[in-house]
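Worksheet for the structure shown next.
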Amino acid sequence: MNPKYITNISNVQMLSRPERQRLESVTEMYGFRANDYYLSLIDWSDPGDPIRRIIIPHEDELVPWGSLDASNEKEYTVVPGLEHKYEHTVILLISNVCGGCCRFCFRKRIFMTDGTDVSRDVSDGITYIEKHPEINNVLLSGGDPLLLSTPQIESILKRLREIDHVRLIRFGSKMPAFNPYRILNDPTLLEVFDRYSRPDSKIYIMTHFNHPRELTEQSLLALHMLHKSGVELANQTPLINGVNDNPEVLADLFDTLSFAGVPPYYVFQCRPTQGNRHLSIPIEMTYTIHEQARMRCSGLGKRSRLTMSHSTGKLQIAVMTDSTITFKYLRAANPLEKGMVYVVKRNPDAYWFDDYTDIVDRYAPNNPFLNISFDFDELEAV
């Protein structure tokens with residue numbers, strides 16, 4: 001099977017004509033892309049179906065909220081298509097297109113025009129990596145890097161493998177969920193992975209399964225074939241209102257992934273991206289759902305960490321008490337903030353770190369000069 005891609009909402013015949021007409025105004029603002037395989041996973045009799053919520057536009061996307069670059073990626077873009085936010089890691093954007101446009105996408109600014117150019121010129125990015133020996137970790141993203149042709153993927157892997165200080169190569173991809181036939185129907189892709197994933201320098205694919213129903217027979221087989229090719233797998237997902245915001249559903253996702261040998265890695269707080277208001281959940285509710293889900297899993301199923309990709313770094317949402325919630329920098333753009341811990345007063349209406357203003361304690365285990373406790377009202381003063 002080779003799934004057929006659909007880029008015009010008017011061609012989704014499972015929607016009524018009035019629905020298609022109403023949604024055209026949404027797709028004029030934000031791109032739409034799906035395929036017949038993924039659409040077949042939807043229970044069209046259920047207007048709240050979670051797969052539908054992932055891929056089908058909704059009029060609430062037009063509600064004003066958030067920004068198009070909620071994590072301020074522009075600030076860390078050092079050459080076109082390459083972000084260098086953390087010392088040892090870069091993100092190389094190698095594709096402009098995804099297998100489908102998730103409605104909660106934090107990089108939807110890329111898909112606001114109907115671009116047809118899948119690949120990007122990555123020459124400047126690779127040259128930058130070559131000149132920076134501190135970089136040992138490259139994340140290939142986009143768009144979806146697995147939408148590139150296999151020869152294009154091999155060309156990029158070959159160039160990265162010629163850089164001695166690059167030890168870890170990751171692909172961020174939802175193709176195992178959107179279109180597992182990309183893997184099942186292309187044995188040369190698996191041969192390329194087998195050739196470039198080495199015993200001391202693995203290739204990782206960070207999968208994006210958001211709901212257990214995406215883990216179909218075809219997807220599970222694709223994951224198995226990737227494992228056999230020498231690729232390591234881990235999964236990340238945002239917590240999305242109406243998709244996986246139920247502890248039992250989230251636990252089912254964690255367990256099914258772990259049974260298939262795919263560790264749950266990060267669960268993200270949904271970024272306050274423009275158009276995402278109806279899909280977002282307050283942080284403290286996210287924390288509760290995540291903890292309740294983990295309690296339902298064995299140790300191998302509860303390996304995920306609840307995190308937030310803030311403009312200043314990757315913050316773990318670590319602990320919540322009756323009165324406080326604690327954040328810890330797992331990665332920090334500012335080296336002085338590595339490992340920094342913030343204990344703040346709870347705010348049930350907070351959707352993002354910036355919504356907390358009452359800091360109870362700040363602790364920096366990697367910088368003893370900042371190991372102080374104090375109270376103040378303005379987060380911006382830190």
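The values are calculated or read from the model by the stated rules, or taken from the named source; none is laboratory data. Given the structure is predicted, the values throughout are model-derived calculations rather than measurements. Neighbour counts run over all protein chains shown; Cβ positions are idealised from the backbone, glycine included.
Residues in the range 1-58 that are among the β-branched types (V, I, T), within 22 Å of the chain's Cα centre (by Cα) and assigned to a helix (DSSP H, G or I): T27, I51, I54, I55.
When the range 1-54 is filtered for residues that are in contact with a Gly (Cβ under 7 Å, 6 or more places away or on another chain), of a type in the set (S, T, Y) and at pLDDT 95 or above, only Y38 remains. Among the residues of the range 44-56, count how many are in contact with a Lys or Arg (Cβ under 8 Å, 6 or more places away or on another chain) and under 17 Å from Q13 (Cα atoms). Qualifying residue count for the region: 6.
Every residue, every condition in (1) among the aliphatic types (A, V, I, L, M); (2) touching a helix residue (DSSP H, G or I) at 6+ places or on another chain (Cβ under 6 Å); (3) closer than 18 Å to I317 by Cβ, yes or no:
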position	(1), (2), (3)
E217	no, no, no
G230	no, yes, no
G242	no, yes, no
V249	yes, no, no
F254	no, yes, yes
R277	no, no, no
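Quick check on T288: is it surrounded by fewer than 17 Cβ atoms within 10 Å (Cβ to Cβ), modelled with pLDDT of 95 or more and of a type in the set (V, I, T)?
Numbers: surrounded by fewer than 17 Cβ atoms within 10 Å (Cβ to Cβ): yes; modelled with pLDDT of 95 or more: yes; of a type in the set (V, I, T): yes.
Here the answer is yes, as T288 does meet what is asked.
Of the residues E83, E73, E24, the single one that is free of Cβ contacts under 8 Å to residues at least 12 places away in the same chain and charged (D, E, K, R) is E83.
Residues to consider are L139, L223; find the one that is within 23 Å of the chain's Cα centre (by Cα), closer than 19 Å to P264 by Cα, not in a helix (DSSP H, G or I) and not hydroxyl-bearing (S, T, Y).
On the way: L223 fails: not in a helix (DSSP H, G or I).
Of L139, L223, the one residue that is within 23 Å of the chain's Cα centre (by Cα), closer than 19 Å to P264 by Cα, not in a helix (DSSP H, G or I) and not hydroxyl-bearing (S, T, Y) is L139.
Of all the listed residues (S123, S149, S173, S155), the sole one being surrounded by 21 or more Cβ atoms within 10 Å (Cβ to Cβ) and not aliphatic (A, V, I, L, M) is S173.
Every condition in (1) part of a helix (DSSP H, G or I); (2) closer than 30 Å to S201 by Cα holds for Y287 except the one numbered (2).
Report yes if some residue within the range 338-348 is within 18 Å of A70 (Cα to Cα) and touching a residue at least 40 places away in the same chain (Cβ under 8 Å); otherwise report no.
Looking for residues that are within 18 Å of A70 (Cα to Cα) and touching a residue at least 40 places away in the same chain (Cβ under 8 Å), one finds none in the range 338-348, hence no.
In the range 297-332, which residue that is among the small types (G, A, S) and either part of a strand (DSSP E or B) or surrounded by fewer than 19 Cβ atoms within 10 Å (Cβ to Cβ) (or both) is farthest from the chain's Cα centre (by Cα)?
Of all residues in the range 297-332, those among the small types (G, A, S) come to 298-299, 301, 304, 309, 311, 313, 318, 323, 332.
Those still in the list that are either part of a strand (DSSP E or B) or surrounded by fewer than 19 Cβ atoms within 10 Å (Cβ to Cβ) (or both) too: 298-299, 309, 311, 313, 318, 323, 332.
Values: S298: 24, G299: 23, S309: 10, S311: 15, G313: 15, A318: 19, S323: 30, A332: 18 Å.
Only one residue fits best here, namely S323.
I'd like the full set of residues that are hydroxyl-bearing (S, T, Y) and either surrounded by 12 or more Cβ atoms within 10 Å (Cβ to Cβ) or under 30 Å from N185 (Cα atoms) (or both), limited to the range 1-25. Of everything in the range 1-25, those that are hydroxyl-bearing (S, T, Y) and either surrounded by 12 or more Cβ atoms within 10 Å (Cβ to Cβ) or under 30 Å from N185 (Cα atoms) (or both) turn out to be Y5, T7, S10, S25.
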